[in-house]
Amino acid sequence: MPSLAQLDAAKLALLTLRASIGRSTPVARDAVRIFSSAEILASNAAAHLLAGAPKPIVCSAIPYPEAMEIQCSALETGTPDADWYAQCRESDREHGGFMGYLSARPSTEHSDVNVYCVGRDESLLIPLSAVERWAQDYFIKRVNCRGDDVDNHLCADWPDYKEARQRGAAGILMFSSPSDHQGAVLVFG
């Protein structure tokens, strides 16, 4: 049985995978086919299946009219994906975690910090520990990610930042498809 952090990380992986598909392509929000199975699962069942898979795992999404298909494979040593993953995890260690800057906030306990995750018109509020688990466990291909502190004064009026603050989040993760942006940039922190 997966822990709550593992299940939340898997739910975040599903949100991220849906966000990796361009907005011009319809995506079935609660219909997922995974691990080359013909069976279509609801998102919650797919999250349980993902949470129990060996980690780290490389995932990508392919949209079909009836369901989003998730292709997953083990992260193989010596591949460009494995090299990038290793570099990202080393950077995480140097900075106190994937979103280590949130742990360094004054007067917050690591267990009390929540992150508002948003992508493709859906959102998820999860503990920082689940976000850190997601960063360790999942390598999502072809997705843009922007992570930030919700108190960033440069984005104070952005609707997603306002919603994150209203929901009590300290951090925000925003995901989108590279096909939705010209000259897409991957930004952390």
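The values are calculated or read from the model by the stated rules, or taken from the named source; none is laboratory data. As the structure is a prediction and not an experimental result, all values here were calculated from the model. Cβ: placed from backbone, ideal geometry, glycine included. Neighbour counts: every protein chain shown.
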Q. Of all residues in segment 13-36, which are surrounded by 17 or more Cβ atoms within 10 Å (Cβ to Cβ) and under 15 Å from LYS55 (Cα atoms)?
A. ALA13
Q | 1 or more residues in contact with a helix residue (DSSP H, G or I) (Cβ under 8 Å, 6 or more places away or on another chain), in contact (Cβ under 8 Å) with a residue 40 or more places away in the chain and among the charged types (D, E, K, R): qualifying strands (runs of 3 or more DSSP E) within segment 45-161 | A | 122-127, 144-149
Q. Does ALA135 count as under 21 Å from PRO2 (Cα atoms) and crowded, with 21+ Cβ neighbours inside 10 Å?
A. yes
Q: Out of the residues in segment 76-112 that are at pLDDT 90 or above and among the aliphatic types (A, V, I, L, M), state the one that is surrounded by the most Cβ atoms within 10 Å (Cβ to Cβ).
A: MET99
(Q) Which pairs turn up if I take residues in segment 1-24 that are basic (Lys, Arg) and look for partners that are surrounded by fewer than 16 Cβ atoms within 10 Å (Cβ to Cβ) and assigned to a helix (DSSP H, G or I) with beta carbon separation below 7 Å, at least 6 apart in sequence or on another chain? (A) ARG23/ASP180
